[in-house]
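Structure first, then comments.
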Amino acid sequence: HVVEGSETMDVELSDGRVLEGTVYGIDTLTDLAIVKVEENGLTAAALGDSDALKVGQLVIAIGSPLGTYSNSVTSGIVSAKGRAIVTDGNQNLSNLIQTDAAINPGNSGGPLLDADGNVVGINTAIARDSNGIGFAIPIDIARPIMEQAVAGEELARPYMGIRYTSLTRQLAEEEDLPVNDGAWISGNQ
């Protein structure tokens, strides 16, 4: 949603330099985009392992809240994993990392880091009508999309034609199901 309608944009580095970025690839299903800058000598952030994250683990969010406060850093914990939300634009995002690290409008696209400084997520949304409930796309979901885009490959995804909801204990009880985990098939496309 950050790059929507743009082909180029300014990319501000932590040292204050502003470079022209070109939208290189977009995946609307995960709300991810690759923005490419032409510059030598930049250091890439180390990618971590979002599957290894534990609830209660320290995380750090970096971004530009409200588009005004560049390179802001906040910290919090992983509140939950595997969350699903519907964004203000009616987009369904799933398998998200929930955190109480302050994520505000303008933070989207910034990294969510573990205590060692490895990128474990990409800040993407906040819960409606809430204070302190933010969400990030796990890096383990973003990594293959990034690798396909950087390799110049078209994004390829398997498609089964069904809609499902992750099964929770509450849903299992409501539907009188014999299991508490898995997928609840709710329709086809």
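The values are calculated or read from the model by the stated rules, or taken from the named source; none is laboratory data. In this text the structure is predicted, and so the values were computed from the model without any measurement. Ideal geometry is used to build each Cβ from the backbone, glycine not excepted, and the neighbour counts take in all protein chains shown. Just so you know, the surface numbers come from the protein's heavy atoms only, side chains and all, with ligands and any DNA or RNA stripped out. Shrake-Rupley method; radii C 1.70, N 1.55, O 1.52, S 1.80 Å.
Quick notes on this one:
- Per-residue SASA remark: Glu175, around 90 Å² accessible (1.4 Å probe; ligands, DNA and RNA not included).
- Backbone amide hydrogens, once placed in the peptide plane, bring Gly48 within less than 5 Å of Val119, Val120, excluding anything fewer than 5 places away on its chain.
- For the chain, built as a Gaussian network whose Cα springs stay under 10 Å, the top-fluctuating residue of Pro178, Pro111, Pro138: Pro178
- Shape of segment 44-157, Cα gyration tensor, a/c cut at 1.5: rounded
- Alpha-carbon centroid distance for the pair segment 14-69 / segment 121-138, whole angstrom: 15 Å
- GNM flexibility winner over the chain from Gly161, Gly134, Gly16 (Cα, springs under 10 Å): Gly161
- Once the 1.4 Å probe is applied to the protein heavy atoms, the chain comes out at 63 Å² accessible per residue.
- When only Cα pairs below 8 angstrom with a gap of at least 6 residues are kept, the chain shows a relative contact order of 15 percent.
- Taking Leu13, Leu53, Leu93 as the candidate residues, the one with maximal mean-square fluctuation in a Gaussian network model of the chain, Cα springs under 10 Å, is Leu13.
- C-alpha long axis of helix 139-150 to longest principal axis of the chain, angle in °: 50 degrees
- In a simple Cβ point-charge model (Lys, Arg +1; Asp, Glu -1; nothing else charged), the chain has a dipole of about 280 debye relative to its Cα centre.
- The chain, accessible surface, carbon-and-sulfur percent (1.4 angstrom probe): 49 percent
- Taking a ≥ b ≥ c as the square roots of the eigenvalues of the Cα gyration tensor, segment 65-121 is classed as oblate, since a/c reaches at least 1.5 and a/b does not exceed b/c.
- Computed [θ] at 222 nm, deg cm²/dmol, the chain (DSSP H ≥ 4; -39,500 (n - 2.57); rounded to nearest 500): -2500 deg cm²/dmol
- Phi-based couplings in Hz for segment 47-56 (Karplus 6.51, -1.76, 1.60; Gly and Pro marked x): 8, x, 10, 5, 5, 7, 4, 10, 4, x
- Placing unit charges on the Cβ atoms of the charged side chains and taking the dipole of the chain about its Cα centre, the candidate lying farthest along the positive direction among Gly48, Tyr164, Gly21 is Tyr164.
- Counting only protein chain heavy atoms and rolling a 1.4 Å probe, the accessible areas of Glu147, Glu154 rank, largest first, as Glu154, Glu147.
- Close amide-amide hydrogen proximity is noted between Lys81 and Gln98, each under 5 Å apart and 5 or more residues distant or on a separate chain (H modeled in the peptide plane; Pro and chain starts excluded).
- Three-way shape call for segment 103-180 based on the alpha-carbon gyration tensor, with the a/c threshold at 1.5: oblate
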